[in-house]
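Have a look at the structure below before the remarks.
The values are calculated or read from the model by the stated rules, or taken from the named source; none is laboratory data. For clarity, every value in this text was computed on a predicted model and none was experimentally measured. FYI the Cβ positions are ideal-geometry reconstructions off the backbone, even for glycines, and counts take in every protein chain you see. These accessible areas exclude ligands, DNA and RNA; they are computed on the full protein's heavy atoms, side chains included. Shrake-Rupley method; radii C 1.70, N 1.55, O 1.52, S 1.80 Å.
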Amino acid sequence: NKLNMNATTSAPAPPHFLESFLVILAFFHLSEFLIAFAYNRNLLNRHSWLFSVPYCSAMALGLCEYFFVDYGAMLGQETIARVHKIGILTCLVGETIRKWAEIHAKHNFTHVIQTEKRATHSLVTEGPYKIFRHPGYFGWFLWAPGTQLVLGNVVSFMVFVGVSWRFFYKRIPVEEYFLERMFGEETYTRYRQKTKTW
């Protein structure tokens with residue numbers, strides 16, 4: 001009886017958590033590449049898939065947590081199921097905001113910070129950019145930690161939030177420095193003053 005009780009209360013996260021995670025991951029990276037292909041074909045390269053060593057390492061650690069840490073036994077299966085659903089919703093919202101930003105900006109959206117103004121480059125201030133200066137980053141900030149909630153991961157979720165925040169805290173000032181240089185300090189400063197970061 002004791003063995004049976006442990007078997008029922010200490011079940012690992014359900015397999016569909018992993019299946020949902022893989023679908024969300026595949027859609028994100030494929031759509032990122034296809035949008036880059038549609039609007040910035042001349043800038044297309046292997047980095048357009050948005051796979052990097054730190055990113056892949058972080059996702060691998062998240063998978064390790066999924067396979068080896070039994071949150072179902074610690075927090076209860078119902079709680080983990082709710083976390084999973086919240087993760088899916090968070091990913092969907094983040095993905096929608098990011099893709100809206102990319103498609104609205106068209107060729108003005110790039111995965112790499114631009115340091116020189118291209119002939120076709122213009123400052124986008126409408127659509128999602130009327131709400132946030134960096135809607136693509138905001139979408140990512142929701143999506144990336146959300147993937148860990150989909151897996152039912154607690155530690156990786158907190159790590160993803162912290163690392164993502166630090167990444168954008170350092171990246172946004174650099175990008176805005178070059179945007180001011182490209183579009184003029186007065187024009188970009190005016191836009192920055194009336195539009196929040198996210």
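Is the C-alpha gyration tensor of the range 19-105 telling us rounded, prolate or oblate? Criteria: a/c under 1.5 is rounded; beyond that, a/b larger than b/c is prolate, otherwise oblate. Taking the square roots of the gyration eigenvalues as a ≥ b ≥ c, the range 19-105 is oblate.
Projected label points at V93 and K196, each 7 Å from Cα along the beta carbon direction, are separated by 1.3 nanometres. Determine, from the Cβ-Cβ distance of K106 and R166 and an R0 of 35 Å, the FRET efficiency 1/(1 + (r/R0)^6), rounded to the nearest 0.05. Using R0 = 35 Å, I get an efficiency of 0.75.
Using C-alpha pairs below 8 Å separated by at least 6 residues, the relative contact order for the chain is 26 percent. Counting only protein heavy atoms and a 1.4 Å probe, the range 21-163 has 52 square angstrom of accessible area per residue.
If the segment from S52 to T120 were pulled out straight at 0.36 nm per residue, it would be longer than the present Cα-Cα gap by 21.7 nm. So the label point goes 7 Å from the Cα of A81 along Cα→C-beta, right? Which residues of the range 148-168 then have their backbone N under 17 Å from it? Backbone N within reach: 150-153. Note on the chain: with neighbouring protein chains present and a 1.4 Å probe, carbon and sulfur make up 67 percent of its accessible heavy-atom surface. A crude spin-label estimate for the pair L63 and L18, with each label 7 Å from Cα along the Cβ direction, gives 0.9 nm.
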